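Note sheet for the following structure.
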Amino acid sequence: MARYCLLGHVDPAKLDEYRERHAAVWPELLVALRDAGWRYYSLFLRPDGLLIGYAEADDLDEAQRLVGATEVNARWQAEMARLFASEGAPDEAWELVPEVFNLEDQLAAAGC
């Protein structure tokens, strides 16, 4: 399963609301993400609004397409859009950051 690092930008004036909303994500969205193939999905937020996402998926494009086709995701993205510094749906504004190192992969390759 491939690993992905994603960057986004939350409006710094809306960090508290962003944190509150993500403390209790709608259960139907959680299930939609899981069923679409998202695994080990975590979000990290800096005080300046930089949002870092980590996820694993067999195919991130397909996982995004599947969850993006759900009604619950459309509602969630519409509500979250006003909290972001970027234009449009937040799930379409992610910047993908390539992985350059993974400890477990290198340990396995080195036979350790």
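Once you place label points 7 Å from the Cα toward the Cβ at Arg21 and Glu104, how far apart are they in nm?
3.1 nm
Starting at the first residue of the range 95-112, write each ³J(HN,Hα) from the Karplus equation 6.51 cos²θ - 1.76 cosθ + 1.60 with θ = phi - 60°, in whole Hz, x for Gly and Pro.
9, 7, 10, x, 7, 10, 7, 9, 4, 4, 4, 6, 4, 5, 5, 8, x, 9
For Leu43 and Glu28 in the same chain, what is the full-extension length gain: residue separation times 0.36 nm, less their Cα-Cα distance, in nm?
Answer, rounded to one decimal: 3.6 nm.
What whole-number value in Å² describes the accessible area per residue of the range 1-63 for a 1.4 Å probe?
The answer is 58 Å² per residue.
What residues of the range 1-42 lie in the reach of a label at Val97, counting those whose backbone N is under 11 Å from a point 7 Å from the Cα along Cα→Cβ?
Those under the cut-off are 5-8.
Need one word for the range 6-109: rounded, prolate or oblate. Basis is the Cα gyration tensor (sqrt eigenvalues a ≥ b ≥ c); a/c below 1.5 gives rounded, then a/b vs b/c decides.
It is oblate, given that a/c is not under 1.5 and a/b is not larger than b/c.
If you take the square roots of the eigenvalues of the alpha-carbon gyration tensor of the range 46-99 and sort them as a ≥ b ≥ c, do you get rounded (a/c under 1.5), prolate (a/b over b/c) or oblate?
oblate
Tell me, what is a quarter of the convex hull surface for the C-alpha atoms of the range 70-112, in nm² with one decimal?
Computed as one quarter of the Cα hull surface, the answer is 5.0 nm².
Rank-order 86-94, 103-111 by packing density, defined as the average count of other C-beta atoms within 10 Å over each peptide's residues, highest first.
Most protected by this proxy first, the peptides run 86-94, 103-111.
Heavy atoms only, probe 1.4 Å: what % of the accessible area of the range 1-75 goes to carbon and sulfur, would you let me know?
56 percent
The values are calculated or read from the model by the stated rules, or taken from the named source; none is laboratory data. These figures come from a predicted structure and were not determined experimentally. Quick reminder, even Gly has a Cβ in these numbers, built from the backbone with ideal geometry, and neighbours come from all protein chains shown. Note: accessible area is taken over every heavy atom of the protein model, side chains too, but ligands, DNA and RNA are not part of it. Shrake-Rupley method; radii C 1.70, N 1.55, O 1.52, S 1.80 Å.
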